[in-house]
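Asker: The structure's right below; bear with me while I get my questions together.
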Amino acid sequence: MLRNYQKLLWHIVLVSLFVSCNAVEDESYLADCASLKTGIIEKDTVILETEINNLTSDLEPKPTNSDPLGHEQNLETLVASLNNQCERLSVEIKCYVCIKTLPAQSEILLQTDSSGILVTRVIDILTPYNESMTFFGVHE
């Protein structure tokens, strides 16, 4: 009888762990695509900083031999998230760790339509070795 209770308790613990792990995965940030589009068109650094930093806040560096800073995959993840979530945006990596500042910066290229005019912006992303990537600036 005691073994049956132990088995039941063990199943409850396993189910609880499974449910809690799934709940964390479902809480990933969803981009506010309308705000992002406005931020891109108007070069609004407040909007862009908020949206980019929300998307990168959980992308911790994972250094490898080929990527000592550990953010190359994170930059790819950011670009994929923006492309998958925001159908009116086209986003691509312009360069990774190409601006030799401290910390180094990477750039992503964003394009969107504004009343029939293609708007193109470059967003600079700080790529530090010891913390998440963050928005740094926007330019043409």
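Asker: Among residues belonging to region 100-109 that are of a type in the set (S, T, N, Q) and touching a strand residue (DSSP E or B) at 6+ places or on another chain (Cβ under 7 Å), point out the one that is surrounded by the most Cβ atoms within 10 Å (Cβ to Cβ).
Answerer: S106
Asker: If we keep just the residues of region 114-133 that are out of contact with any Pro (no Cβ under 8 Å at 6 or more places or on another chain) and among the hydroxyl-bearing types (S, T, Y), which is farthest from E42 (Cα to Cα)?
Answerer: S115
Asker: So, of the residues in region 59-76 that are outside any helix (DSSP H, G or I) and of a type in the set (A, V, I, L, M, F, W, C), which turns out to be farthest from L36 (Cα to Cα)?
Answerer: Ranking the candidates gives L69 first.
Rundown of residues vs (1) closer than 17 Å to T38 by Cβ; (2) part of a strand (DSSP E or B); (3) of a type in the set (G, A, S), yes/no style:
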{"residue": "L78", "(1), (2), (3)": "no, no, no"}
{"residue": "N84", "(1), (2), (3)": "no, no, no"}
{"residue": "E87", "(1), (2), (3)": "yes, no, no"}
{"residue": "S90", "(1), (2), (3)": "yes, yes, yes"}
{"residue": "P103", "(1), (2), (3)": "no, no, no"}
{"residue": "S106", "(1), (2), (3)": "no, yes, yes"}
{"residue": "Q111", "(1), (2), (3)": "yes, yes, no"}
{"residue": "P128", "(1), (2), (3)": "no, no, no"}
{"residue": "V138", "(1), (2), (3)": "yes, yes, no"}
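Asker: Oh, and also: I need the full set of residues from region 43-92 which are among the hydrophobic types (A, V, I, L, M, F, W, C), buried (at least 16 other Cβ atoms within 10 Å of the Cβ) and more than 12 Å from the chain's Cα centre (by Cα), in order please.
Answerer: Step one: list which residues in region 43-92 are among the hydrophobic types (A, V, I, L, M, F, W, C), which gives 46-48, 52, 55, 59, 69, 75, 78-80, 82, 86, 89, 91.
Right, trim to buried (at least 16 other Cβ atoms within 10 Å of the Cβ) and you get 47-48, 52, 55, 59, 69, 75, 78-79, 82, 86, 89, 91.
Matches in region 43-92: I47, L48, L69, C86, L89, V91.
Asker: Continuing with this model, one more query. Considering only residues that are of a type in the set (A, V, I, L, M) and more than 16 Å from I99 (Cβ to Cβ), look in region 114-134 and name the one that is farthest from the chain's Cα centre (by Cα). Outline the logic, then answer.
Answerer: Taking region 114-134 first, the residues of a type in the set (A, V, I, L, M) are 117-119, 122-123, 125-126, 133.
If we keep only those that are more than 16 Å from I99 (Cβ to Cβ) too, we end up with 117-119.
Values: I117: 27, L118: 24, V119: 22 Å.
So, considering only residues that are of a type in the set (A, V, I, L, M) and more than 16 Å from I99 (Cβ to Cβ), the one farthest from the chain's Cα centre (by Cα) is I117.
Asker: Also, quick follow-up: Name the residue, out of T120, T134, T112, T127, that is at negative phi, loosely packed, with under 13 Cβ neighbours inside 10 Å and of a type in the set (S, T, N, Q). Show your work before the answer.
Answerer: Numbers: T134 fails: loosely packed, with under 13 Cβ neighbours inside 10 Å; T112 fails: loosely packed, with under 13 Cβ neighbours inside 10 Å; T127 fails: loosely packed, with under 13 Cβ neighbours inside 10 Å.
Matching residue, one of T120, T134, T112, T127: T120.
Laboratory data are not the source of any read-out in this text; all were calculated from the coordinates shown. Being a predicted model, the structure only gives us computed values, none of them experimental. So basically every Cβ, Gly included, is an ideal-geometry build from the backbone, and we count neighbours across all protein chains shown.
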